[in-house]
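Structure first, then comments.
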Amino acid sequence: MRTGLFRFFGLIAESLRDLAPIIIVIGFFQLVVLRQPIPDLAEILLGLFFVLIGLTLFIQGLELGLFPIGEGMANAFARKGSLFWLLAFSFALGFGTTAAEPALIAVAAEAAEVAAAGGVLGTAPGAQADYAFYLRGTVALSVGVALVIGVFRILKGWPIHYLIIGGYLLVVILTFFAPASIVGIAYDSGGVTTSTITVPLVTALGVGLATAIKGRNPMIDGFGLIAFASLTPMIFVLLFGMLWPALG
């Protein structure tokens, strides 16, 4: 019991060390540059305490739950030797985790509100909800496709830089043809997909798969799936913006 308690306080100390830089930055600019007292200090300290506890529990949850299950399932599918089920699992994992991302839900709703205010959407009832729904679905679909491509790359041993460079060239080309109103949303969508739910499972999938396949190096081949998960949403959302007038 005492050992577990000491370990927990050790984890709290590690989380506090991780949060220290941002605390120092905010405190410096508030007290030294702006020369103003910190407002609602008691509430801020309470919130910081909750963040500290939440971050500690979240990291432990990743290490105890998400990473092992992701690596374990990748190993199991690799041993099973079924390409179809491995790719199907990769697509479902990418689609499901992205659709559940709180950041994506918030960004899609905000994008729909701004699009409605800017006259991009029609006046039909439910147009705003439909826009947010299809935008989320587009991003989730793109991450599913990204994981299929990334897993296939691991299986074949393709160099990642050629695929990434080609993908970003496609993003640049599509940017010239997409509506200006969708470009910023498309670029931001690559960031919101790499958040709290998607990253741990996708990373574990790549590392576990590269570990299970003979001739693959987990350091070289296991990482890189997150890059695809950041890239393909930009491509898909740019296409979404070009096709939305016909869909809407």
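The values are calculated or read from the model by the stated rules, or taken from the named source; none is laboratory data. Fair warning: this is a prediction, and the values are worked out from it, not measured in the lab. As a convention, Cβ positions derive from the backbone with ideal geometry for all residues, glycine included, and neighbour counts pool all protein chains shown. Accessible surface areas use protein heavy atoms only, side chains included; no ligands, DNA or RNA. Shrake-Rupley method; radii C 1.70, N 1.55, O 1.52, S 1.80 Å.
A few remarks follow.
- Candidates LEU34, LEU45, THR211 compared by Cα position along the dipole of the chain: farthest toward the positive end lies THR211, with charges placed on Cβ.
- Packing around the peptides 106-112, 7-13, 151-157, taken as the average count of other Cβ atoms within 10 Å per residue, puts them in this order, highest first: 106-112, 151-157, 7-13.
- Accessible-area ranking of LYS214, LYS80, largest first, probe 1.4 Å: LYS214, LYS80
- Averaging the Cα positions of each part gives two centres, and for the range 73-111 and the range 143-176 these lie 16 Å apart.
- Accessible area in the full protein assembly, largest first, 1.4 Å probe, for ILE182, ILE226, ILE23: ILE23, ILE226, ILE182
- The structure-derived value of percent of Cα pairs over 33 Å apart appears in the list (1) 32; (2) 22; (3) 36 under the label (3).
- Selected from ILE235, ILE185, ILE59 as most flexible by GNM, with the chain as the system and alpha-carbon contacts under 10 Å: ILE59
- The range 13-123 shape via C-alpha gyration tensor axes, a/c threshold 1.5: oblate
- Estimated inter-spin distance, ASP130 and LEU16, nm [label 7 Å along Cα→Cβ]: 5.4 nm
- Residue-span extension gain [PHE9 to ILE105] - 0.36 nm each, minus C-alpha spacing: 31.2 nm
- For the range 23-144, the solvent-accessible area works out to 61 Å² per residue, with a probe of 1.4 Å and every protein chain left in place.
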